[in-house]
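*Asks:* Okay, handing you the structure first.
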């Protein structure tokens with residue numbers, strides 16, 4: 001599998017990242033182990049998770065995904081063959097949230113324990129914490145890197161101005177700097193990344209690992225009516241795409257997929273992989289077919305005409321008018 005540099009880091013990652021948010025949620029531990037084994041065998045060894053996955057499930061408290069990953073990593077000598085990314089900052093209950101230095105020190109130890117490892121390749125702020133000075137947050141991250149507990153740091157869900165301010169804070173104070181950004185970006189969610197974040201990414205040579213690369217499953221073609229989404233785990237998330245504009249995007253995906261003897265999911269990922277700034281889209285899999293789509297998407301080369309079709313039907317200007 002093709003590999004690319006993650007921003008200014010020394011990490012060489014595959015051109016797609018396996019999302020671990022489904023482990024312990026819609027994918028059982030046994031199925032996760034099987035999926036992870038298959039992914040690693042295929043060369044897909046970049047895995048993203050977060051401490052909060054899957055706290056939203058009844059009876060869960062967070063840490064379920066990391067725990068499953070940790071058990072898998074402990075089975076055999078896998079750790080040095082895997083690029084492991086996780087996140088902190090979202091509410092874990094009992095006041096455990098945010099990016100204050102004391103909490104960062106606690107959260108990393110909790111993640112390391114669950115993951116059964118002594119270092120994290122990419123440790124990311126899951127969301128900006130406006131109540132904590134950037135100097136404090138980045139100083140805490142800097143300490144973790146110097147201690148060897150974290151190799152690199154990244155940011156997720158930052159605005160363009162705040163990301164720029166964080167990068168300047170690191171430079172001005174001689175602190176470790178974000179090397180990667182994890183934003184929401186896909187065919188039906190383009191405007192914020194392309195207008196506000198991409199200029200900062202390109203100026204500072206950051207790696208970009210977009211989440212919701214398939215728009216919570218919408219771009220696979222799984223949801224073609226409001227009835228399709230009813231009662232589904234991500235039905236509420238995809239609801240905003242179930243309109244004429246969203247269905248036009250799906251129709252074009254179908255056309256391009258047919259022309260390339262492919263699938264809508266593969267085409268949507270192939271489109272994302274060639275967008276300016278993007279390093280490796282994050283996508284999760286809940287079946288063998290989904291994993292196959294992720295792997296095959298890395299081999300799909302879309303021609304100029306296909307890319308233009310997709311760009312036109314999904315332009316933010318068209319989305320706003322819909």
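Every read-out reported here was derived from the displayed coordinates using simple, explicitly stated rules and does not represent laboratory data. Bear in mind that the values here come from a model prediction, so they are computed numbers and not experimental data. Backbone-built Cβ (ideal geometry, glycine too); neighbour counts: all protein chains shown.
*Asks:* With labels modelled as points extended 7 Å from the Cα through the Cβ direction, what inter-label distance (nm, one decimal) is found for residue 2 paired with residue 145?
*Replies:* 2.8
*Asks:* Could you give the length gained by full extension between residue 261 and residue 60, i.e. 0.36 nm per residue of separation minus their alpha carbon distance, to one decimal place?
*Replies:* Gain on extension, residue 261 to residue 60, equals 68.3 nm.
*Asks:* I would also like to ask the following. Could you give me the radius of gyration and the Dmax of the range 1-144, taking only the C-alpha atoms into account and expressing both in angstrom?
*Replies:* 15.2, 43
*Asks:* Which value in deg cm²/dmol, rounded to the nearest 500, describes the helix-derived mean residue ellipticity at 222 nm for the chain, given -39,500 (n - 2.57) per DSSP H run of n ≥ 4 and division by the residue count?
*Replies:* Dividing the helical sum by the residues of the chain leaves -12500 deg cm²/dmol.
*Asks:* So, one more: I'd like the orientation of helix 29-41 relative to the chain: the angle between its Cα long axis and the longest Cα principal axis, in ° from 0 to 90, rounded to 10.
*Replies:* Helix 29-41 sits at roughly 80 degrees to that axis.
*Asks:* Give me the distance in nm between label points sitting 7 Å out from Cα along the Cα-to-Cβ direction at residue 102 and residue 173, one decimal.
*Replies:* Taking the two extended label points, one gets 1.8 nm.
*Asks:* Can you tell me which of 1-7, 184-190 comes out highest on packing, and rank the rest after it, using the mean Cβ neighbours within 10 Å? It would help to have the intermediate numbers written out before the result.
*Replies:* Numbers: 1-7: 17.0, 184-190: 22.1.
Per-residue mean Cβ counts within 10 Å order the peptides as 184-190, 1-7.
*Asks:* Taking the simple approach of a point 7 Å from Cα along Cα-to-Cβ for both residue 71 and residue 29, what is their distance in nm?
*Replies:* Here the answer is 0.2 nm between the modelled labels.
*Asks:* Please report the antiparallel percentage of the DSSP beta bridges confined to the range 3-321, to the nearest 5.
*Replies:* Working: 4 of 28 bridges.
For the range 3-321, the DSSP antiparallel bridge percentage is about 15.
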